[in-house]
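Comments concern the structure below.
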Amino acid sequence: QVQLVESGGGLVQPGGSLRLSCAVSESIFSIYRMGWYRQAPGKQRELVASMYSGKLTNYADSVKGRFTISGDNAKNTVYLQMNSLKPEDTAVYYCNLYTGRNDFWGQGTQVTVSS
């Protein structure tokens, strides 16, 4: 069973930055799709950023130019660098690994953007 553990969330002021980390228990994220999702109160979970085979990336329009997904194979870790944060970025952020047959999720980490 693959395990994903997120970290790096917290409270930040508008315009600030945070980097989320997702530690993967196995060295497999470079051959599957990794994604960062978020869910705000009362809203559906949405895909924020994804990375295919450790290289190809895709972003939601709402975060393009502000968020960057990346991976470190040596550390089995995927990151989400979030810059120019806005109050509407406030949500619980989840890491996801999709193998084509199975979906694995982390427990989520809270990001709050507020002054």
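The values are calculated or read from the model by the stated rules, or taken from the named source; none is laboratory data. Just so we're clear, the structure is a prediction, and the values are computed from it rather than from any experiment. With ideal geometry, Cβ positions are generated from the backbone for all residues, glycine too; neighbour counts draw on all protein chains shown. The protein model used for the area step is the full one, side chains on, heavy atoms only, and it has no ligands, DNA or RNA in it. Shrake-Rupley method; radii C 1.70, N 1.55, O 1.52, S 1.80 Å.
Points to keep in mind about this one:
- Aspartates and glutamates with Cα under 15 Å of Lys55, excluding same-chain neighbours fewer than 8 positions away: Asp72
- In the range 36-77, the trypsin sites (Lys or Arg not before Pro) that fall in loop regions by DSSP, at most 12 other Cβ within 10 Å: Lys43, Lys55, Lys64
- A simple charge model with +1 on the Cβ of Lys and Arg, -1 on the Cβ of Asp and Glu and nothing else charged puts the dipole of the range 1-47 at about 160 debye relative to its Cα centre.
- Label point of Ser114 set 7 angstrom out along Cα-Cβ; within the range 78-102, amide nitrogens under 16 Å from it belong to 86-93.
- Per residue, the accessible area of the range 1-99 comes to 52 Å² when a 1.4 Å probe rolls over the protein heavy atoms.
- Counting only residues at least eight positions apart within a chain, or on another chain, the lysines with an alpha carbon under 18 Å from that of Lys86 are Lys43, Lys64.
- Gyration tensor (alpha-carbon) shape descriptor, the range 4-115, a/c threshold 1.5: prolate
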